[in-house]
Amino acid sequence: MRETLTLHLDDSHGALLRTLGLIERRGWKVTHLDLRPAEPAGQTARFEVERLPWHAGTPEILARHVSKLFCVADVTLGTEAARADRSDRAEPTDSRRSPGWTPPSAPLSAAGPTPSSMRAAVGAAS
């Protein structure tokens, strides 16, 4: 059984490799790959996949799993217009964080602490 998946991938490092790895781990073999630049950014990838004989997964389940990758903007299965658009999904949560955790309000400086902020911290401590 051959199926076609059309994806819009972002330009993140390793996006294609993550997608290929997921497809293979889910029991599908990529028989053809067509990768083209997309407008305004990213890439459009068209995968022709074939289910391996010992795997009983459906193409719809594969499309759903691929759409969960953070590097995939949308997925179209075959000629269906069943798109999994990422804009309506909630932000992913990090299960390692405690329930009351909030991100810092001020961004950290790439250069590190400044001498004046260090003096202020030392003065406040004494």
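Out of all the residues in the stretch 60-73, is one or more among the charged types (D, E, K, R), touching a Lys or Arg at 6+ places or on another chain (Cβ under 7 Å) and modelled with pLDDT of 90 or more?
No, that holds for no residue.
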In the stretch 11-23, which residues are of a type outside the set (Val, Ile, Thr) and surrounded by 13 or more Cβ atoms within 10 Å (Cβ to Cβ)? Ala15, Leu16, Arg18, Leu20, Leu22
Residue in the stretch 51-62 that is more than 15 Å from Thr4 (Cα to Cα) and either surrounded by 14 or more Cβ atoms within 10 Å (Cβ to Cβ) or touching a Leu at 6+ places or on another chain (Cβ under 9 Å) (or both) present: no
I'd like the residue in the stretch 18-50 that is hydrophobic (A, V, I, L, M, F, W, C) and more than 18 Å from the chain's Cα centre (by Cα) and, out of all such residues, is nearest to Leu5 (Cα to Cα). Val49
Only listed residue being at pLDDT 90 or above, of a type in the set (Val, Ile, Thr) and either surrounded by 14 or more Cβ atoms within 10 Å (Cβ to Cβ) or in contact with a Pro (Cβ under 7 Å, 6 or more places away or on another chain) (or both), chosen from Thr44, Thr31: Thr44
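The values are calculated or read from the model by the stated rules, or taken from the named source; none is laboratory data. What you see is a predicted model, and the numbers here were worked out from it, not measured in a lab. Backbone-built Cβ (ideal geometry, glycine too); neighbour counts: all protein chains shown.
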